[in-house]
Amino acid sequence: MTPVTRREVLGLYRKVLRIAKNWQSASGQIEETTREKEYIRNEARTLFRKNKNVTDPKLIKQCIEECEARIEIGLHYNIPYPRPIHLPPMGLAHKQGRTLRHQEKLRKISKPIYLKSHDEVS
């Protein structure tokens, strides 16, 4: 990891922790705010620790983009949890019927960047 990339990753981590510190839930209830702050901190710790040994520059760039996307979406919608995607169970299947493996491949390709690591952690 280059010093510039390291600085960028550490800056993102600090930014997420600052967001968690100042987070206010949409409902304004203290219990919910506390729960959401804790979720943000735990999610950041888990994902950053999981990816601490990544050395491939492309993969590092993808992780940085995912983090930035999740930050922006969370701040915009005021929801700390990843926004779900809604795909019908067989909505991507071809009319003549493809194998389930092909269906899963299409689902993986269509998954938004901000959900790439969510299924692996949760």
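Worth pointing out:
- Exclusive hit being within 18 Å of Glu66 (Cα to Cα), open to solvent by 50 Å² or more (accessible area, probe 1.4 Å) and more than 17 Å from the chain's Cα centre (by Cα), set Arg7, Arg14, Arg41, Arg45: Arg7
- Residues of the stretch 17-38 satisfying the condition of being part of a helix (DSSP H, G or I) and open to solvent by 70 Å² or more (accessible area, probe 1.4 Å): Arg18, Lys21, Asn22, Ile30, Glu31, Thr34, Arg35, Glu38
- Here the condition is being out of contact with any Cys (no Cβ under 9 Å at 6 or more places or on another chain), part of a helix (DSSP H, G or I) and either hydrophobic (A, V, I, L, M, F, W, C) or modelled with pLDDT of 90 or more (or both); of Ile85, Ile79, Ile109, it holds for Ile109 alone.
- Pairs with Cβ under 7 Å, 6+ apart, first in the stretch 28-42 and within 23 Å of Glu72 (Cβ to Cβ), second assigned to a helix (DSSP H, G or I): Lys37/Ala20; Ile40/Val16; Ile40/Ile19; Ile40/Ala20; Arg41/Leu17; Arg41/Ala20
- Residue within the stretch 56-64 that is at pLDDT 65 or above, among the charged types (D, E, K, R) and touching a Phe, Trp or Tyr at 6+ places or on another chain (Cβ under 9 Å) present: no
- Some residue of the stretch 45-68 being within 26 Å of Gly28 (Cβ to Cβ), among the aliphatic types (A, V, I, L, M) and part of a helix (DSSP H, G or I): no
- Condition check for Cys67: out of contact with any helix residue (DSSP H, G or I) (no Cβ under 7 Å at 6 or more places or on another chain), among the hydrophobic types (A, V, I, L, M, F, W, C), under 27 Å from Pro3 (Cα atoms) and crowded, with 17+ Cβ neighbours inside 10 Å: no
The values are calculated or read from the model by the stated rules, or taken from the named source; none is laboratory data. Note that this is a predicted model, so its numbers are computed, not measured. All Cβ positions, glycine included, derive from the backbone under ideal geometry; neighbour counts span all protein chains shown. What goes into the accessible areas is simple: the full protein's heavy atoms, side chains included, and nothing from ligands, DNA or RNA. Shrake-Rupley method; radii C 1.70, N 1.55, O 1.52, S 1.80 Å.
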